[in-house]
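The values are calculated or read from the model by the stated rules, or taken from the named source; none is laboratory data. What you see is a predicted model, and the numbers here were worked out from it, not measured in a lab. Cβ: placed from backbone, ideal geometry, glycine included. Neighbour counts: every protein chain shown. Heads up: the accessible areas ignore ligands, DNA and RNA and are worked out on the full protein's heavy atoms, side chains in. Shrake-Rupley method; radii C 1.70, N 1.55, O 1.52, S 1.80 Å.
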Amino acid sequence: MAVSSVKNLAAPEKVATPSPKLARSAISEIHASEENGVPLNTPWTFYLDKSIPGTSAAEYEACLRKLYTVSTVQGFWSVYNNIPDVSKLNSRYSYHLMRHERRPIWEDAANCNGGNWRMKCHKWDTPQVWKELLLAAIGEHLSDFLQEGDEISGISVSIRERDDIVTIWNTNSGLAEQSNILEKVKELVPKVTFTASFYKAFQTHQAFEGYKKN
Amino acid sequence: MSDKGASPQTLSGREIPNRRITDISNIPSDYSTTPGGSIFSTTPGGTRIFYDRAFLMQCRNSPLAKTPPANMANIPGVTSPGEIDVPKENGVQPPKGDKVDKPIEENPQFEMDI
């Protein structure tokens, strides 16, 4: 499938030029995620950050680490299975899984008109909620609960002292009101009690620093 | 128009064919490739690829999913052994302070908004 077609495309070029020099990292990337994997609807990128109270967007950016961009189901698991479980993360750390390579930054072009649903859950429920939301996101089951013109752009989990926070990012805050995504979440994790849940548009945050180009 | 008395003919719709993938082996060999060989993941109109939870879970134990990607970012404590210490890039020192958390706020914001 994917790989054989890549070979086909590369073949004519091989005749003209000596061995194409792909960076080692590029090669392993192709091998790891494209070789036998089942393609995802879109690529998704794992990020890690440690949030520090009172930081500006620029300072936050500097603390944000991209872990890996996956484009197949197996690639998704190869990252998920090999990073610490959310239950092992220390307080104030967050994982994000963002569509394509969008960054989990409010002010970025892809996010600045959006917002997120924020749900607070007990620590013992966090790993399950995180996993189920990830699967629903990459399986593209959340999109059905959005309005036309809106899109899921990511899922985050933030570890806190007491209850943790799980968020679902969308791209169009104007359409969030009519969405019934929180009902879908209930369906995904029927036994979980959220101690709070609400939607907030990024631009309504006091700390929002205005539009910004990526 | 002589069929006045005939029972009204109802046109019953047909279900859109739907192929359910329950196992990796169900995936057709040409899945996600055009006949000529280029790769696509969505049709121009924008249909999405859906995966059931069961299928996704099944992939979790595939050999490919067991090892981390070879070129995954090296973050001690996360992708390699060690203590987690994220903010160090570009020499930026995390400022000290206990104001509002950004961009993920601490609980006061939560209580305020509900």
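A:Q206 meets all of the listed conditions (1) within 25 Å of A:D108 (Cα to Cα); (2) more than 12 Å from chain B (Cβ to nearest Cβ); (3) surrounded by fewer than 19 Cβ atoms within 10 Å (Cβ to Cβ) but one, namely (2). Scanning region A:156-182 for residues that are open to solvent by 20 Å² or more (accessible area, probe 1.4 Å), touching a residue at least 60 places away in the same chain (Cβ under 8 Å) and hydrophobic (A, V, I, L, M, F, W, C) gives a single hit, A:L182.
A:K213 satisfies every condition listed in (1) at pLDDT 95 or above; (2) more than 22 Å from A:G139 (Cα to Cα) except (1). Inspect region A:113-134 for any residue being open to solvent by 30 Å² or more (accessible area, probe 1.4 Å) and hydroxyl-bearing (S, T, Y) and give the result as yes or no. Among the residues of region A:113-134, not one is open to solvent by 30 Å² or more (accessible area, probe 1.4 Å) and hydroxyl-bearing (S, T, Y), which makes the answer no. When A:Y199 is tested against (1) open to solvent by 10 Å² or more (accessible area, probe 1.4 Å); (2) without any contact (Cβ under 8 Å) to a residue 40 or more places away in the chain, only condition (2) is not met. Where strands (runs of 3 or more DSSP E) sit wholly within region A:51-155, those with at least 1 residues that are touching a Phe, Trp or Tyr at 6+ places or on another chain (Cβ under 6 Å) and without any contact (Cβ under 8 Å) to a residue 40 or more places away in the chain occupy A:65-72.
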